[in-house]
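Only one structure is covered here, and it is reproduced in the block below.
The values are calculated or read from the model by the stated rules, or taken from the named source; none is laboratory data. Just so we're clear, the structure is a prediction, and the values are computed from it rather than from any experiment. Note that each Cβ is placed from the backbone with ideal geometry, even for glycine, and that neighbours are counted across all protein chains shown. Note: areas computed on protein heavy atoms with side chains; ligands, DNA, RNA excluded. Shrake-Rupley method; radii C 1.70, N 1.55, O 1.52, S 1.80 Å.
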Amino acid sequence: MTTKSETKSTETKSTASKAEEFHQVAAQKGYVRAVAEKMLELPPQLDPPVLGSRLRIWKQDPSVKGIELPRTVYIHTQVNDGPSDSQISIEGIAPVAADANRDFLLNPASNAEAFDAVHTYTIVRQVLTMYQRVLNKKLDWQWNKDGNAEVIKVYPHAGETENAYYSRQEKALKFFYFNPSQSSGLIEKVFTCRSLDIVAHETGHAVLDSLKPKWLSWNAPAQTGGLHESFGDLTSIFLILSQMDLVEYIVAETKADLHQKNIVAALAEEFGLAINSSNGLRNADNDLKLSDVTPEVHDVSQVFTGGVFDTLADLFTSRRDPRVRDSAEVLYQTGKYIAGLVLRAIIQAPDTRATFADVANAMIEIAKADGEEDCAKFVQKNFEFREVLGTKAFAGPIDLSHFGMYASRHCSCGTMQHPQYRSQASDLNGKTGK
């Protein structure tokens, strides 16, 4: 006959065994997967661990009205002091310590520098996580090979100039600050690190460089460079659409019409305002065709960005049915699918000298394979309109990069203009358009 003390002892051993098993799974797969897989087996005495950290960010930049207040977001992975993690570290600013709950809930009014560190780290992490979810695997930085696990160093206050860039050589993202134009109406310095669009854009360059390292080369054709610049802009769009509160705001702001003026299409509003541009640095909702633009990399990039944006808007409109699903849910899912479609198409594109048509055709092929025939038709329609595909496809200027005459990058972001991506074997002879 089993005594009560023996039964209790057996239960205690069983509980200890289950707890040990749980922690073994956690060590192998991480606490998130361990909780998901072992939830039914967790003994009542063992509470699931508190995971991740809360951090505050600007959801656009401080100039964007309606959402200018800092908002709290959740990062599900471990965030260390700095903030930092296994892939990202903040540099050039005094390290920010987490509170007792491992959170970073700062107020920009009382500690602007620390808030900038937290905000910038968070946007970089969100971009990386967004694309890792698409690929269902870890995304390494370009230099993470042969056992090199170096993080990317992120400098929110890198110096004073109208610039921000990704540097492969420095293994860094650098964000600068500057005084706005006197006629802009802005009084305070503009910090590029405070713009979700700018931080996401430059992080997009870093992600794409890890996937297609030759696309950044100075001797790449205009459209290849344009794909890099466009991917940065699209990364900002995709990141905004990955956040449900912003998606709900956009639906309400536009009455579910993405062709109305909105925070998705307008990029880097505060930077644009500082240099007297009323619609940010760029507008994704454009009607530009290849025959409308110059071979300058930033200029031509707008054609590809516009084609993807129109495809996103068309797919969202066609799938809306407010009687069945909330429009915000539809826009969230549509944004997630288009982000994955673009990333998978870029991976499928050639490693060198890729064109808009290469990526657009890959998008069509992948969408059809996914059973998304309507999406494939929208891609075809929108890129035919922009003279990328179809009988009216416009080849654009003759590619003379083989002769050392490279596409101009003088209107592009700091990444695309950085001298480290120039051909070391060629004399540019002033042919960069700068």
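Any idea which of (1) over 27 Å from I237 (Cβ atoms); (2) open to solvent by less than 20 Å² (accessible area, probe 1.4 Å); (3) of a type in the set (A, V, I, L, M); (4) modelled with pLDDT under 95 is the one V96 doesn't satisfy?
So V96 meets the others, but not (4).
Which of the residues belonging to segment 240-284 are open to solvent by 30 Å² or more (accessible area, probe 1.4 Å), modelled with pLDDT of 90 or more and over 16 Å from Q60 (Cβ atoms)?
Across segment 240-284, the qualifying residues are K255, D257, H259, Q260.
I'd like the residue in segment 195-231 that is within 16 Å of D61 (Cβ to Cβ) and in contact with a strand residue (DSSP E or B) (Cβ under 9 Å, 6 or more places away or on another chain) and, out of all such residues, is surrounded by the fewest Cβ atoms within 10 Å (Cβ to Cβ). Don't jump to the end; show me each part of the working.
Here is the first cut: in segment 195-231, the residues within 16 Å of D61 (Cβ to Cβ) are 195-203.
Then drop every residue that is not in contact with a strand residue (DSSP E or B) (Cβ under 9 Å, 6 or more places away or on another chain), which leaves 195-199, 201-203.
Details: S195: 31, L196: 27, D197: 31, I198: 25, V199: 31, H201: 29, E202: 28, T203: 28.
Across segment 195-231, the extreme among qualifying residues is I198.
If I filter segment 364-379 for residues that are out of contact with any Phe, Trp or Tyr (no Cβ under 6 Å at 6 or more places or on another chain), at pLDDT 60 or above, at negative phi and of a type in the set (F, W, Y), do I get at least one hit?
yes
(1) out of contact with any helix residue (DSSP H, G or I) (no Cβ under 6 Å at 6 or more places or on another chain); (2) outside any helix (DSSP H, G or I); (3) closer than 23 Å to T120 by Cα; (4) in contact (Cβ under 8 Å) with a residue 60 or more places away in the chain: which one isn't true of Q169, the others all being true?
If we test Q169 against (1) out of contact with any helix residue (DSSP H, G or I) (no Cβ under 6 Å at 6 or more places or on another chain); (2) outside any helix (DSSP H, G or I); (3) closer than 23 Å to T120 by Cα; (4) in contact (Cβ under 8 Å) with a residue 60 or more places away in the chain, just (1) comes out false.
Assess whether D140 counts as being among the charged types (D, E, K, R), closer than 23 Å to Q169 by Cα and either out of contact with any Phe, Trp or Tyr (no Cβ under 9 Å at 6 or more places or on another chain) or in contact (Cβ under 8 Å) with a residue 24 or more places away in the chain (or both).
Against the criterion (among the charged types (D, E, K, R), closer than 23 Å to Q169 by Cα and either out of contact with any Phe, Trp or Tyr (no Cβ under 9 Å at 6 or more places or on another chain) or in contact (Cβ under 8 Å) with a residue 24 or more places away in the chain (or both)), D140 qualifies.
If we keep just the residues of segment 137-164 that are open to solvent by less than 30 Å² (accessible area, probe 1.4 Å) and of a type in the set (F, W, Y), which is farthest from T122 (Cα to Cα)?
Once the filter is applied, the top-ranked residue is W143.
Which condition number in (1) surrounded by 19 or more Cβ atoms within 10 Å (Cβ to Cβ); (2) over 22 Å from the mean Cα position of the chain (by Cα); (3) under 25 Å from S301 (Cα atoms) is the one that S327 fails?
Just one mismatch for S327, condition (3).
With respect to A354, determine if the residue is in contact with a Ser or Thr (Cβ under 6 Å, 6 or more places away or on another chain), closer than 18 Å to G204 by Cβ, at pLDDT 95 or above and not charged (D, E, K, R).
So A354 fits the description; yes.
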